[in-house]
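The values are calculated or read from the model by the stated rules, or taken from the named source; none is laboratory data. Predicted, not measured: the structure shown is a model, and the values here were computed from it. Methodologically, a virtual Cβ is constructed for each residue, glycine included, from the backbone with ideal geometry; neighbour enumeration extends over all protein chains shown.
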Amino acid sequence: MTAAFRFALLLASIAVATGCSGTREVNITSEPQAAFIQIDGQNAGNAPLTHTFNFRHKPSYVVTASLQGYFTEEVVLGGKSPPVQYGALRIVLLEDEAFKATTTSEATNAWLRIQISPTLTADMVWQKLVDSVTSAYSSLEQLDNSSGYIRSVSTSRKFRGPKGQFSVRTRFTGSIAQKEPLLYKLKIESEISWNGSDWSPYSRVYKEDAALIEELQSRLGIK
């Protein structure tokens, strides 16, 4: 065997070894099933799926799994990551308990106007409004019959998150928007906090809040 031949054989062996370590096929699954998978921000489809990673092109990839009702999970894969070496990546998503306890509503952080039934007097409307709100909330923060303004205290609950507990709080506000014909506006303020002190708007309300809005629409509004 000549030196030139041995050198060529060595180069071929290196090329094969590089190809094996540089390109890896990984089977991606999720728990629960059918999570939507993105790789470096690019849509890959729903799990389970198989993807080929080229680690000669870049040293690492970010695999993101998302599913409604669960927290999004990110996994960073490098060429020597165990899932890459074994050819299988299983991503387990944590259920979002706040999502499960909440729902959507037209009155979430926005005024919902209700045209009051002409069969109801202003006093009747006010009494029905107060009765419904005090049944849904433990107490009231503000109450003014003359202006038709009512505001509840906040209802706050804590939930388990991927980085510890977080809180969601809601509060009802209602007031007269127009006296003739009588028109009321209602709103559920909903906020979320990841640290217990800083709050930001949350797009969902507790199911009890949504039920309250539906009840008021039914009891006060024009049929």
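Some notes on this structure:
- For beta carbons closer than 8 Å, sequence separation of 6+ or different chains, a first residue in region 186-204 that is within 15 Å of SER154 (Cβ to Cβ) and a second that is hydrophobic (A, V, I, L, M, F, W, C) and assigned to a loop (DSSP other than H, G, I, E, B), the qualifying pairs are LYS187/ALA107; LYS187/ALA110; LYS187/TRP111; ILE188/ALA107; GLU191/TRP199; ILE192/TRP199; SER193/TRP199.
- Among the residues of region 46-89, the one identified as in contact (Cβ under 8 Å) with a residue 40 or more places away in the chain, in contact with an Asp or Glu (Cβ under 7 Å, 6 or more places away or on another chain) and either assigned by TED's automatic domain parsing to the domain that holds GLY164 or closer than 11 Å to VAL26 by Cα (or both) is GLY87.
- Qualifying residues in region 25-75 (those that are of a type in the set (D, E, K, R) and part of a strand (DSSP E or B)) - the one nearest to ARG90 (Cα to Cα): GLU31
- There is at least one residue in region 167-185 that is under 29 Å from PHE99 (Cβ atoms), out of contact with any Asp or Glu (no Cβ under 9 Å at 6 or more places or on another chain) and buried (at least 19 other Cβ atoms within 10 Å of the Cβ).
- Among the residues of this structure, GLU106 does not count as one that is without any contact (Cβ under 8 Å) to a residue 60 or more places away in the chain, among the acidic types (Asp, Glu) and in contact with a strand residue (DSSP E or B) (Cβ under 6 Å, 6 or more places away or on another chain).
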